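The values are calculated or read from the model by the stated rules, or taken from the named source; none is laboratory data. The shown structure was predicted, so the numbers you read here are calculated from the model rather than taken from an experiment. Neighbour counts are summed over all protein chains in view; Cβ atoms, including those assigned to glycine, are modelled from backbone coordinates with ideal geometry. Accessible surface is based on the protein model in full, side chains and every heavy atom, while ligands, DNA and RNA are left aside. Shrake-Rupley method; radii C 1.70, N 1.55, O 1.52, S 1.80 Å.
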Amino acid sequence: MKSMILSAVMVLVSSAALAADIEITNARIFVPIKGTNTTAGFGTIKNTTKSEVSIKVVEAKPFKAVELHESSEKNGRMTMAKMETIKIAAGQSFELKPGGHHIMLFDAEKPVEEKQSIAIKLMVNNKEQTVNFPVVSRLTKEAPADKKEEAHHHH
Ligand SMILES: [Cu+2]
């Protein structure tokens, strides 16, 4: 009897350990610009494990496709490059933010509006994890302030 209880406890512990290797705070998706059905998602991803994690994005219904992107400025123009994975060292955080890395969401098959929430399916170290991203207005204070500063310096 005692050993049965013990093994039950061990099963509980190991499934808890499998539960989530990352935590995402401030998850959000900008509502698509009027007339488009493509947008981007952001948030701060924390690796809660004691080793490196690798993250891929798999699916985000009703969007037809989803990719990880990195923005950078080349010759004064913003360009985006696709990344296969994000790797985060043990205990570290990685920020997805406007003007930086982001989750690109393509071709929504139905309208995506504010106050909805999009379930984004990730592969974290080859384990599936789904995170809900609320859809929020683009009219935020978070339009990258330092980007504006840079623009002024170019004058
Ligand atoms: Cu992009």
* Tabulated pairs, the range 61-79, first farther than 24 Å from Phe94 by Cβ, second acidic (Asp, Glu) and more than 10 Å from the ligand (Cβ to nearest atom), C-beta under 7 angstrom, 6+ apart or interchain -> Pro62/Glu109; Lys64/Asp107; Lys64/Glu109
* Quick one: is Gly76 under 24 Å from Pro32 (Cα atoms), at pLDDT below 95 and touching a helix residue (DSSP H, G or I) at 6+ places or on another chain (Cβ under 8 Å)? -> no
* Which listed residue is within 14 Å of the ligand (Cβ to nearest atom), of a type in the set (A, V, I, L, M, F, W, C) and open to solvent by 50 Å² or more (accessible area, probe 1.4 Å), from Phe30, Phe106, Phe42 -> Phe106
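Being open to solvent by less than 50 Å² (accessible area, probe 1.4 Å), outside any loop (DSSP other than H, G, I, E, B) and away from the ligand (no atom under 16 Å from the Cβ) narrows it down to one of Ser71, Ser54, so name that one.
Working: Ser71 fails: away from the ligand (no atom under 16 Å from the Cβ).
One residue alone meets the criteria, Ser54.
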* **Cβ pairs under 9 Å, 6+ apart, first in the range 99-110 and touching a residue at least 40 places away in the same chain (Cβ under 8 Å), second near the ligand (Cβ under 9 Å from one of its atoms) and part of a loop (DSSP other than H, G, I, E, B)** => Met104/Thr38; Leu105/Thr38; Phe106/Thr38; Asp107/Thr38; Ala108/Thr38
* Lone unmet requirement of (1) away from the ligand (no atom under 14 Å from the Cβ); (2) in contact with a Phe, Trp or Tyr (Cβ under 6 Å, 6 or more places away or on another chain) for Ala119 -> (2)
